[in-house]
Structure formats: structure tokens, C-alpha cells
1. Binning every alpha carbon pair distance of the stretch 41-99 at 5 Å from zero, what are the percents per bin?
2. Helix 4-20: angle to the longest alpha-carbon principal axis of the chain, degrees 0 to 90, nearest 10?
3. Name the shape class, rounded, prolate or oblate, that the alpha-carbon gyration tensor gives for the stretch 1-41, where a ≥ b ≥ c are the square roots of its eigenvalues, rounded holds for a/c under 1.5, and otherwise prolate holds if a/b is larger than b/c and oblate otherwise.
4. State the volume of the convex hull built on the alpha-carbon positions of the chain, expressed per residue in Å³ and rounded to an integer.
5. Using only Cα atoms, find the angle between the long axis of helix 41-51 and the longest principal axis of the chain, and express it within 0 to 90 degrees, rounded to the nearest 10.
6. Sum -39500 (n - 2.57) across every DSSP H segment of at least 4 residues in the chain, then divide by the residue count to get the 222 nm mean residue ellipticity, nearest 500.
7. Give me the angle, in degrees from 0 to 90, between the Cα long axis of helix 81-92 and the longest principal axis of the Cα atoms of the chain, rounded to the nearest 10.
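All of the numbers you see were taken from the coordinates with simple rules; none came from a lab. Here the structure is a predicted model, which is why all the values come from computation and not from measurement.
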């Protein structure tokens, strides 16, 4: 029986040989990451309104403080990183909060 180490080494050896070869045999995928969307205060308010959540519940769902959501909606700050990704997902599917209920409503 092969050890985990042996299995990893075999895979790495195959990958190195394939990378050096002119005739590529291992499957490859090109992955394109969509840039993080920038949200205006109005867009944040619209997304929150569609979810019918208070600022406090919306903040809880996104994993940020209520003051953060307040600042986003006032235009003092802007969502970024994971919060923007979640907002983008909520924008695409307003039922997301029911499919993934992190907050009891």
C-alpha cells in the first residue's frame, strides 16, 4: 500500500514531467476571477431593502457591525473583499438569505 507521501510524489513527478513536455497530456483549466464589484450607498440600500432585513440583521448576515452597514449606506465607507462578494451574490439572488440562513428572521 502506498503512503500519502508516495502518492503525492508520484503526482508531482507527473506534473513536472508534463510541464517540461512539449506534448501536454494532463488536463488544464484557465480560471478567470471576476473583479470585486464596487457598491454605491444606494446599491447597498437597494440590496438590503430587497432582503427586507434591518441594518442590524443585514450586518449580522454579512458578518460586519451595524455601524459598518450604516457607514456604507451613508457613503462614509464602501464594502470590500468578502462583503462585496456576498453583496454581489445577494444582488444576483435575493433569496440567498433563505437558501443560506445565517440569521434567524
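1. Answer for the stretch 41-99: a P(r) of 4, 21, 36, 30, 8, 1, 0 percent.
2. Roughly 80 degrees between the two axes.
3. The shape class here is oblate.
4. Considering the Cα atoms of the chain, their hull volume per residue is 192 Å³.
5. Long axis of 41-51 versus the principal axis of the chain: about 90 degrees.
6. Per the formula, -17000 deg cm²/dmol.
7. In the chain, helix 81-92 runs at an angle near 70 degrees to the longest axis.
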